[in-house]
Every structure is written in C-alpha cells, then in structure tokens.
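**Student:** Below: one structure in structure tokens.
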C-alpha cells in the first residue's frame with residue numbers, strides 16, 4: 001500500500017440483476033424485436049458486485065465491475081489529508097485546509113458518500129467525465145461529450161441543480177456500464193460545465209451561514225448504459241423513500257384528477273369584456289359623444305401610452321366611414337381598462353341605467369366584489385352604447401361560452417383550460433361554470449413569487465392585500481440587498497411568510513361566484529429556492545421549498561382544486577397532478593434575438609395585448625435557431641427519464657411560452673414526441689386561433705386523446721432507440737401498449753409493419769393506428 005493511501009476494498013456480493021438484461025436491450029435495439037416487455041417493478045437495476053478504490057489526496061474514486069475499472073470522479077489538485085481511517089467497508093478522512101470531512105461507505109447496492117463542512121463555505125466534488133451523459137434536464141437528455149453544439153451550449157455554463165435538473169441525479173456512461181450519482185441534499189448546489197477538450201462538469205455545494213445542515217453527499221450506483229436502467233434505479237430510490245404517489249391515488253382524494261386523462265391543455269384568452277364580433281363598428285361613432293369621450297379620457301389617464309392611443313382612436317373614428325383593425329384593438333383596449341375601474345360610474349353621465357345597476361349602486365360601489373363591479377360597469381357602458389353592443393350576458397361569448405360549445409361538439413370530451421389570471425373569470429363567471437358543466441378542468445394562473453410596491457392591475461398576482469409584506473416579508477441576499485422579482489421588477493416574497501396572503505387571496509377569488517375546479521401556481525414546482533438573510537426571518541432553501549409545497553397543498557386540499565405548477569421537478573411530484581415546462585422549458589432566456597431584438601426573425605413577441613386577445617409571445621409562430629433545436633428539440637438527444645419514473649404520477653407538458661404550435665417547422669416533430677412520450681399538447685386559444693387551427697388540432701386529438709387516456713394510468717415500462725441515428729424510437733406502457741415514432745425521412749419496418757417517414761405507429765392491444773405528422 002502506497003504512502004499516498006490508495007484503498008482497495010474488494011467485495012463479491014451477489015449480482016442483483018436480471019440475467020441477460022445488459023445484452024437484451026442492445027439486441028432489441030438492433031433487431032427492432034421486442035418480445036414481451038418486462039414490467040419495471042419486477043426488475044432490479046443496480047449492481048451490487050463491484051469494488052472501489054479511493055485516493056484521498058486527489059479525491060479520485062474508482063469503480064471496478066467484472067474486471068472493468070472506471071473513474072467515477074476525476075482527480076482534484078492534491079491536498080493535505082488527516083484523520084484517515086480504513087475499515088472493511090468504510091473509509092473516512094479530513095481535509096484540514098479546506099475544513100471538510102469525508103466518509104465513503106459500501107452499502108448493499110451503492111456507495112454512500114458524505115461530505116461535512118467543519119468551516120468550509122463551499123466545496124466542488126465530484127468532477128465527472130465520460131463519453132456521454134444521461135441527465136434529467138427537463139424530461140431528459142443524452143449528451144455526447146464530444147458533440148460540438150452541446151459543448152458550445154454548455155461551455156462555462158453553471159446550472160442550479162434544484163432548478164435545472166428535474167430529478168436528483170446525474171449519470172455518466174462509461175465503456176461497459178454507467179455510474180449514477182443520486183444527490184442526498186437538493187439545495188445550494190450548482191453543476192458547472194467545462195470544455196477541455198470534451199464536455200465535463202463539476203458539482204459544487206455551498207454551505208450557507210443561515211443553514212445549520214453542513215452536509216451534502218451522494219449515493220453512487222453502478223447500472224447499465226441505458227435510460228431504462230438509470231430511471232429504474234431512481235424510481236426504486238423514490239419508492240424506498242415513500243415519495244411516489246400515482247394519479248390513481250391522487251384521484252381518490254379528488255376524482256376531478258381523472259379529467260386530466262386524455263385531456264389536451266388550452267390557455268384560453270378571453271380576457272376582454274367585449275370581443276371584436278360584439279361591436280357594430282360602423283354605428284359606434286354615433287354613440288361616442290364628447291362628454292363620454294372626455295370621461296373615458298379621464299379614466300384612461302393612468303393607462304399611459306395605451307390610454308392615449310385609445311382616446312385618439314375614439315376621436316379618429318368619428319371622422320371616418322370605417323374602423324381599421326388597429327383602431328378596433330385600441331378601442332377595445334380602452335373599454336377593457338375602463339370597465340375594470342372602480343371609478344367608472346359617473347352619475348351625471350350614466351342616467352339611463354337598468355334596475356340591476358341601480359341595485360348594485362345602492363349597495364355602495366366600494367362594497368362590491370370584483371365580479372359585481374364588472375357586472376355594474378358592463379351595464380353602465382351598455383346604457384351608453386345601447387344597440388351597438390348585445391345584451392351584457394352575451395358579451396365575449398365568441399371567445400368563451402360559444403368556444404366551449406364548439407370544442408365539445410367537435411368531440412373534445414376532456415380538456416384542461418387555463419386563464420391568464422382570475423380577472424377573466426370575474427368578467428364572465430358563466431364561462432367558468434360552463435367549463436365545469438362540460439366536464440373540463442378550468443384553472444387560473446396564479447403566482448406568489450413577486451411582490452410589487454406600485455400596484456398594476458395587469459400584474460395582479462404581484463398585488464397583496466397585506467401592504468406590509470413588501471418591506472417585512474421579502475428576501476435579502478448575503479449583502480442585505482433585496483432580491484428582485486420576475487424581470488427584476490419588485491421583490492421576491494419569502495414563501496414562509498406567504499400563507500396568510502394565499503388564504504386571503506383564495507377566499508376572495510372563490511367568493512366571487514366563480515366555479516374553478518383546478519389551479520395553476522407559477523414557479524412553486526420549478527426548483528427556484530432561495531436563502532433569505534433578512535435578520536428578522538432567516539430562511540433556508542429547504543424551508544423555502546417546504547413553504548411552497550404547503551401553500552400548494554392548502555389550495556389543493558382546502559379548496560379541492562386539481563393543482564399544477566411550472567416545470568414540475570420531482571420534489572413536488574406528490575403534491576401536484578400536472579406541470580407545464582418539463583417537456584419544453586423556457587428556451588435560452590438570455591438570447592437578445594429572442595427577447596429584445598424586435599426585428600429578429602427569432603423574436604418571440606411581447607407579453608401585452610391591449611384588446612385582451614392572445615399576446616404575440618404566445619400566438620406568434622417563430623423559427624428556432626439551429627443550435628437551440630439541437631439542444632431542446634432534436635429527438636436524437638431526448639430521453640424520457642422523467643416519464644420512466646413518473647408517467648402515471650404527474651402529467652407533464654410544455655412551458656406556456658413554447659406551446660405545441662409555437663415553433664415554426666417543428667409542429668410535426670413535437671406531435672410525434674407528444675405521442676411517443678404520452679405528453680398532452682398545449683395550445684393558446686381564442687376564436688381566431690380555434691378557427692385557424694381547429695382541423696389540425698382535432699385530427700391529432702382523435703389519435704392522441706384515447707391513447708393518453710389509457711397510457712397515463714400506466715407506468716412507462718420501456719424505451720428503445722431502434723436505429724443507429726436514434727431517429728426511430730419506441731416507448732412501451734406495459735405489455736400491450738407501444739408507440740414507435742419515426743422522426744426520420746425514411747420509412748422503417750417494425751415487426752412487418754411499415755412506419756412511414758415522419759409518422760408514429762400506435763399499438764394499443766389489438767388496435768393499431770398510424771399517425772402521419774403534418775408537413776413542416
């Protein structure tokens with residue numbers, strides 16, 4: 001034994017693995033033959049018969065299995081070692097200069113590695129290198145270390161582990177097997193990439209002063225070089241920890257969860273009191289007398305440039321024999337803003353009002369809830385516009401209740417509907433009730449992430465009734481500076497201090513005669529955790545997470561709503577039923593061509609739409625840069641790691657910015673992947689979008705919906721690449737449900753069945769269907 005202390009612990013425990021599993025997957029990939037898929041719960045994926053070496057001076061760890069030795073962690077700079085103790089299955093030592101203690105122990109089927117700070121502020125380990133990696137980034141990625149585009153994308157990139165990794169592991173593929181790290185501590189970690197010359201990464205943990213927990217570590221498993229084995233190891237780990245809750249179990253608590261089965265997801269944009277179709281535009285100018293326009297100008301003073309544009313167009317159309325499209329948008333935007341104002345009523349102006357308006361005014365306008373205020377204001381405007389607009393009960397029907405009737409008549413039996421915020425429900429409560437009666441789930445977008453000092457009714461999630469929160473309940477950095485909110489506006493609200501405001505908001509919303517049966521909470525399942533260094537309420541990331549989960553649980557359990565959230569990383573898998581963002585996350589947030597340069601063909605569009613229709617950011621179809629297509633879209637690099645663990649536990653779809661139709665020339669590819677991975681399509685919808693895309697959507701849903709309704713109640717049991725270029729892939733959901741997706745430009749034969757280029761073969765028992773992706 002060298003003085004540098006190289007420890008070899010040889011163990012020859014029984015191999016706990018199905019015999020031949022290592023070779024059967026490769027054989028199936030080569031031949032395209034499957035036989036009968038083995039159910040995941042019948043298999044044990046991790047090996048026990050391996051030995052390991054440790055070099056404490058450089059913290060290298062080597063693993064050897066069946067005579068093949070691999071480096072699990074790359075060497076660090078040599079450092080001083082003290083307190084070295086070696087046992088039969090365990091080794092411990094200290095780095096006195098780094099103020100860190102290390103323990104490595106051989107458990108039955110893994111190495112338990114624990115690092116404890118005795119004063120260290122941070123430490124980087126392991127450093128991981130290999131020919132390729134399988135990482136749960138979003139749904140999952142296979143990343144070749146020598147791929148130039150992956151190298152360019154991740155060079156010198158630092159990812160927050162809890163946010164960027166949907167599950168708590170990473171795996172490196174070696175020559176004969178994979179080495180898989182499962183992190184014990186989810187918090188205060190970054191994954192730091194480097195290209196030298198191939199892609200590698202280091203795992204760095206910070207030991208914050210606000211956190212008394214001074215440990216982090218890993219379980220190191222040895223498994224096969226395939227995603228099914230890697231996901232199987234992790235699923236076993238999750239089950240052992242009691243962290244797996246199926247949709248069927250969630251449905252026992254709330255049967256409405258079953259409405260997600262076979263349900264496409266739609267964000268419905270009816271955030272407008274009046275739609276364009278409601279107004280007799282040629283007659284409008286005769287109703288816009290000067291006193292009314294002056295009152296509108298007074299109301300719209302606080303609406304900035306949009307308010308000025310609205311007033312200008314009110315005046316302009318009085319001189320014209322027509323109303324242009326841009327003028328209609330500006331006028332509807334002005335009405336939308338004014339009708340939300342508690343100051344809209346003017347007794348000198350509104351004299352010919354109906355009995356219901358008189359009743360509401362008699363109650364006292366300042367006592368009305370938001371829904372009642374909107375009802376009053378609509379009636380007041382109707383008294384001025386008279387026959388130019390229909391009865392207030394019919395306002396906005398085209399984008400709401402009529403749209404629901406059309407969707408149901410077209411055969412959409414299950415759907416999840418999301419509103420951009422709850423004010424749309426106050427504008428038309430009957431739409432929410434009709435969604436319920438139709439058998440759909442209907443939710444509002446909500447958020448408790450940012451809080452603003454200056455209130456903006458168009459960002460109402462950042463408004464809280466408790467005005468002390470901005471100064472007394474926001475998050476501070478180490479230097480005492482307050483953390484900025486989304487887009488650096490306002491501040492971040494400390495979630496541990498938010499629950500009273502959550503209860504207040506939900507009580508208020510649900511008392512407005514709206515019948516929501518679902519709810520969507522931004523950020524809470526996205527892994528955006530923060531330490532708060534405010535002296536009055538120091539908070540750890542672990543406490544931050546616990547508080548976010550608690551407020552989702554409150555809404556789910558007390559209000560009996562089917563809960564979803566952004567991204568859906570697996571720390572929230574038992575709390576939520578659905579998630580938006582795992583399948584397609586936000587694509588390269590910092591690229592100015594996509595976010596700032598409005599002349600760029602890649603510009604995704606702005607958030608704001610004054611007339612209440614779909615904003616450009618969600619409606620505008622844009623191409624994607626090739627380097628981003630390679631990373632985010634190309635099926636050759638995608639793996640269903642999350643689905644292999646959570647297919648029957650959490651329903652995952654795209655981030656709302658990257659809906660199924662958003663990316664030009666990729667609609668067909670994304671349809672095929674939605675079928676392959678059993679992912680609900682996500683669309684943004686109003687009357688115009690429905691009329692334009694209805695045939696495309698319905699033809700797809702005829703195939704997708706019945707398959708998803710059945711497959712989502714099962715585990716994903718297998719995944720295979722059937723061709724060397726990785727463009728023909730197969731997923732299995734038990735013994736008799738399979739999808740073979742051919743992303744290539746060549747036909748492929750699977751068990752005597754021809755899978756056409758750019759198509760999917762869906763096998764559901766004895767039923768076989770073909771789906772041909774639309775031309776790009």
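The values are calculated or read from the model by the stated rules, or taken from the named source; none is laboratory data. Values in this document were obtained by computation on a predicted structure and should not be read as measured data. Note that each Cβ is placed from the backbone with ideal geometry, even for glycine, and that neighbours are counted across all protein chains shown.
**Student:** When you scan segment 295-316, do you find a residue that is buried (at least 18 other Cβ atoms within 10 Å of the Cβ), more than 30 Å from residue 455 (Cβ to Cβ) and over 39 Å from the mean Cα position of the chain (by Cα), even just one?
**Tutor:** no
**Student:** What's the number of the only condition in (1) touching a strand residue (DSSP E or B) at 6+ places or on another chain (Cβ under 8 Å); (2) surrounded by 24 or more Cβ atoms within 10 Å (Cβ to Cβ); (3) in a loop (DSSP other than H, G, I, E, B) that residue 175 fails to meet?
**Tutor:** With respect to (1) touching a strand residue (DSSP E or B) at 6+ places or on another chain (Cβ under 8 Å); (2) surrounded by 24 or more Cβ atoms within 10 Å (Cβ to Cβ); (3) in a loop (DSSP other than H, G, I, E, B), residue 175 is out only on (2).
**Student:** Run residue 124 past the list (1) under 29 Å from residue 209 (Cα atoms); (2) crowded, with 16+ Cβ neighbours inside 10 Å; (3) in contact with a strand residue (DSSP E or B) (Cβ under 6 Å, 6 or more places away or on another chain) and report the number of the one that doesn't hold.
**Tutor:** Residue 124 satisfies all of (1) under 29 Å from residue 209 (Cα atoms); (2) crowded, with 16+ Cβ neighbours inside 10 Å; (3) in contact with a strand residue (DSSP E or B) (Cβ under 6 Å, 6 or more places away or on another chain) except (2).
**Student:** I'm told residue 284 meets every condition in (1) part of a helix (DSSP H, G or I); (2) surrounded by fewer than 21 Cβ atoms within 10 Å (Cβ to Cβ); (3) at pLDDT below 95 except one. Can you identify the failing condition by its number?
**Tutor:** Of the numbered conditions (1) part of a helix (DSSP H, G or I); (2) surrounded by fewer than 21 Cβ atoms within 10 Å (Cβ to Cβ); (3) at pLDDT below 95, the odd one out for residue 284 is (3).
**Student:** While we're looking at this one, here's another question. Would you check which residues across segment 661-696 are out of contact with any helix residue (DSSP H, G or I) (no Cβ under 9 Å at 6 or more places or on another chain) and either within 28 Å of residue 716 (Cα to Cα) or assigned to a strand (DSSP E or B) (or both) and list them?
**Tutor:** Across segment 661-696, the qualifying residue is only 668.
One line per residue, one yes/no per condition, for (1) outside any loop (DSSP other than H, G, I, E, B); (2) touching a strand residue (DSSP E or B) at 6+ places or on another chain (Cβ under 7 Å):
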| site | (1), (2) |
| --- | --- |
| 726 | no, no |
| 729 | yes, yes |
| 735 | no, no |
| 738 | yes, yes |
| 741 | yes, yes |
| 746 | no, no |
| 754 | yes, no |
| 760 | yes, yes |
| 763 | yes, yes |
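**Student:** Got a sec? Which of 669, 652, 692 is in contact (Cβ under 8 Å) with a residue 24 or more places away in the chain, in the same structural domain as residue 258 (by TED's automatic domain parsing) and surrounded by fewer than 21 Cβ atoms within 10 Å (Cβ to Cβ)?
**Tutor:** Working: 652 fails: surrounded by fewer than 21 Cβ atoms within 10 Å (Cβ to Cβ); 692 fails: in contact (Cβ under 8 Å) with a residue 24 or more places away in the chain.
Matching residue, one of 669, 652, 692: 669.
**Student:** Let me ask another. Yes or no: residue 196 out of contact with any strand residue (DSSP E or B) (no Cβ under 8 Å at 6 or more places or on another chain), closer than 17 Å to residue 115 by Cα and surrounded by fewer than 16 Cβ atoms within 10 Å (Cβ to Cβ)? Break it down into steps so the answer makes sense when it comes.
**Tutor:** Details: out of contact with any strand residue (DSSP E or B) (no Cβ under 8 Å at 6 or more places or on another chain): yes; closer than 17 Å to residue 115 by Cα: no; surrounded by fewer than 16 Cβ atoms within 10 Å (Cβ to Cβ): yes.
Spelling it out, it is not the case that residue 196 is out of contact with any strand residue (DSSP E or B) (no Cβ under 8 Å at 6 or more places or on another chain), closer than 17 Å to residue 115 by Cα and surrounded by fewer than 16 Cβ atoms within 10 Å (Cβ to Cβ).
**Student:** Another one. Examine segment 568-589 for a residue that is more than 30 Å from residue 183 (Cβ to Cβ), in contact (Cβ under 8 Å) with a residue 60 or more places away in the chain, assigned by TED's automatic domain parsing to the domain that holds residue 680 and surrounded by fewer than 21 Cβ atoms within 10 Å (Cβ to Cβ), and state whether such a residue exists. Lay out the reasoning, then the answer.
**Tutor:** Filtering segment 568-589 down to residues more than 30 Å from residue 183 (Cβ to Cβ) leaves none.
For segment 568-589, residues more than 30 Å from residue 183 (Cβ to Cβ), in contact (Cβ under 8 Å) with a residue 60 or more places away in the chain, assigned by TED's automatic domain parsing to the domain that holds residue 680 and surrounded by fewer than 21 Cβ atoms within 10 Å (Cβ to Cβ): absent.
**Student:** Specify the residue that is farthest from residue 424 (Cα to Cα); the eligible residues are those in segment 460-475 that are in contact (Cβ under 8 Å) with a residue 24 or more places away in the chain and in a helix (DSSP H, G or I). Walk me through it before giving the result.
**Tutor:** Taking segment 460-475 first, the residues in contact (Cβ under 8 Å) with a residue 24 or more places away in the chain are 460-462, 464-466, 469, 472-475.
Still in the running and in a helix (DSSP H, G or I): 460-462, 469, 472.
On the way: 460: 12, 461: 13, 462: 17, 469: 26, 472: 31 Å.
Here the residue is 472.
**Student:** Another question, if that's okay. I need a count of the residues in segment 148-172 that are surrounded by 18 or more Cβ atoms within 10 Å (Cβ to Cβ) and not in a strand (DSSP E or B). Working first, answer last.
**Tutor:** Step one: list which residues in segment 148-172 are surrounded by 18 or more Cβ atoms within 10 Å (Cβ to Cβ), which gives 150-151, 153-154, 161-162, 164-172.
Add one more test, that the residue is not in a strand (DSSP E or B), and what stays is 150-151, 153-154, 161-162, 164, 166-168.
The qualifying residues number 10.
**Student:** Looking at segment 207-222, which of its residues are under 23 Å from residue 172 (Cα atoms) and either in a loop (DSSP other than H, G, I, E, B) or within 29 Å of the chain's Cα centre (by Cα) (or both)? Lay out the reasoning, then the answer.
**Tutor:** Going through segment 207-222, the residues under 23 Å from residue 172 (Cα atoms) turn out to be 216-222.
Matches in segment 207-222: 216, 217, 218, 219, 220, 221.
**Student:** Please enumerate the residues belonging to segment 486-520 that are closer than 21 Å to residue 547 by Cα and assigned to a loop (DSSP other than H, G, I, E, B).
**Tutor:** Within segment 486-520, 490, 494, 498 meet the criteria.
**Student:** May I ask you to verify whether residue 418 is modelled with pLDDT of 95 or more, under 20 Å from residue 274 (Cα atoms), assigned by TED's automatic domain parsing to the domain that holds residue 687 and not in a helix (DSSP H, G or I)? Break it down stepwise before answering.
**Tutor:** On the way: modelled with pLDDT of 95 or more: yes; under 20 Å from residue 274 (Cα atoms): yes; assigned by TED's automatic domain parsing to the domain that holds residue 687: yes; not in a helix (DSSP H, G or I): yes.
Answer is yes for this residue.
**Student:** Sticking with this one: Search segment 695-724 for residues being out of contact with any strand residue (DSSP E or B) (no Cβ under 9 Å at 6 or more places or on another chain) and farther than 27 Å from residue 405 by Cβ, and hand back the single one that is surrounded by the fewest Cβ atoms within 10 Å (Cβ to Cβ).
**Tutor:** Applying the filter and picking the extreme gives 724.
**Student:** If you take just the strands (runs of 3 or more DSSP E) that sit entirely in segment 44-130, which of them hold at least 2 residues that are under 37 Å from the mean Cα position of the chain (by Cα) and modelled with pLDDT under 95? First the steps, then the outcome.
**Tutor:** On the way: elements: 51-55, 60-65, 68-73, 82-86, 90-95, 100-106, 111-117, 122-128.
Qualifying strands (runs of 3 or more DSSP E): none found.
**Student:** Only one of 412, 361, 331 is closer than 29 Å to residue 616 by Cα and assigned to a helix (DSSP H, G or I); which?
**Tutor:** On the way: 412 fails: assigned to a helix (DSSP H, G or I); 361 fails: closer than 29 Å to residue 616 by Cα.
Among 412, 361, 331, only 331 is closer than 29 Å to residue 616 by Cα and assigned to a helix (DSSP H, G or I).
**Student:** Something else now. Given the structure, is residue 271 free of Cβ contacts under 8 Å to residues at least 24 places away in the same chain, under 39 Å from the mean Cα position of the chain (by Cα) and within 14 Å of residue 332 (Cα to Cα)? Even if it seems obvious, please write down each step before you answer.
**Tutor:** On the way: free of Cβ contacts under 8 Å to residues at least 24 places away in the same chain: no; under 39 Å from the mean Cα position of the chain (by Cα): yes; within 14 Å of residue 332 (Cα to Cα): yes.
So residue 271 does not fit the description; no.
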